[in-house]
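Dropping the structure in here first, questions after.
Values in this text are rule-based calculations from the coordinates and carry no lab data. Small disclaimer: the values here were computed from a predicted structure and weren't measured. Methodologically, a virtual Cβ is constructed for each residue, glycine included, from the backbone with ideal geometry; neighbour enumeration extends over all protein chains shown.
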Amino acid sequence: MSKHGKHVVTDSSNPEQIKEAADWQEDKARDLDYILQSKRGRRWLYGVIFDDCHAELRSHVPGDAESTAFNEGVRGVGVAILHRIKDRNFALYLAMLREAEEDE
C-alpha cells in the first residue's frame with residue numbers, strides 16, 4: 001500500500017497483490033455509486049461538473065493564454081468526473097441530466 005492508501009502491484013506474478021489492487025479499485029468505484037444513488041448526490045455532481053467546472057463550455061479566452069490554461073484545467077476535472085459517471089452507471093447519468101432539466 002502506498003502513502004495515499006492506494007494498493008499498488010509491485011509483483012504482477014503475485015495473485016494476492018493483483019486481487020487486492022482490483023478489490024481496492026472496485027471499492028473506490030462504489031464511492032461514486034453511493035453519491036449517484038440519491039437525487040441530492042446527482043444534483044451536487046451536476047453542479048460541480050457543469051456549473052463549477054464548465055465541462056461543456058469553451059475554455060478559450062482570446063488573447064489570454066493563462067486564463068485559457070486555467071479554464072481548461074478546471075474543465076478537465078469536470079470532464080474526468082463526467083466520464084467516470086458515464087462509465088460507471090449511464091442510466092444514473094441520464095437521470096442526473098433529466099433531473100437538472102426539471103429543476104430549471
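Counting only other residues whose beta carbon sits under 14 Å from that of Leu32, what net charge do I get with K and R as +1, D and E as -1? Could the numbers behind the result be given before it?
On the way: positive: Lys28, Arg30, Arg42, Arg84, Lys86, Arg88; negative: Glu26, Asp27, Asp31, Asp33, Asp87.
Around Leu32, the surrounding residues sum to +1.
How big is the charge dipole of the chain about its Cα centre, in debye rounded to the nearest 20, if each Lys and Arg gets +1 on its Cβ and each Asp and Glu gets -1 on its Cβ? Let's see the in-between values first.
Values: 15 positive and 20 negative charges, 36 e Å.
Roughly 180 debye for the chain.
Can you tell me the Rg and the Dmax, both Å, for the Cα atoms in segment 10-64?
Values for segment 10-64 (Cα only, Rg and Dmax): 18.4, 53 Å.
First measure r as the distance between the Cβ atoms of Leu57 and Gln25, then evaluate 1/(1 + (r/R0)^6) with R0 = 35 Å and state the FRET efficiency to the nearest 0.05. Intermediate results must be reported in sequence, preceding the final value.
Values: r = 31 Å, r/R0 = 0.89.
The pair Leu57/Gln25 has a calculated efficiency of 0.70.
Could I ask something else about it? Could you list Thr10, Thr68 so that the one with the fewest beta carbons within 10 Å of its beta carbon is first and the one with the most is last?
Values: Thr10 7, Thr68 15.
Exposure proxy ranking, most exposed first: Thr10, Thr68.
Spelling out what I want: for every residue of segment 58-63, take phi, set θ = phi - 60°, compute 6.51 cos²θ - 1.76 cosθ + 1.60 (Karplus), and round to whole Hz; glycine and proline get x.
6, 8, 5, 10, x, x
How much net charge surrounds Asn71 when only the other residues with a Cβ under 13 Å from the Cβ of Asn71 are counted, with Lys and Arg +1 and Asp and Glu -1? Each step should come with its number before you reach the end.
Numbers: positive: Arg58, Arg75; negative: Asp52, Glu56, Asp64, Glu66, Glu72.
Combined, the nearby Lys, Arg, Asp and Glu give -3.
Could you give the Stokes-Einstein D for the chain in µm² per second, using the C-alpha Kirkwood radius, 25 °C, 0.890 mPa s?
Details: Rh = 15.9 Å.
Estimated via Stokes-Einstein, D reaches 154 µm²/s.
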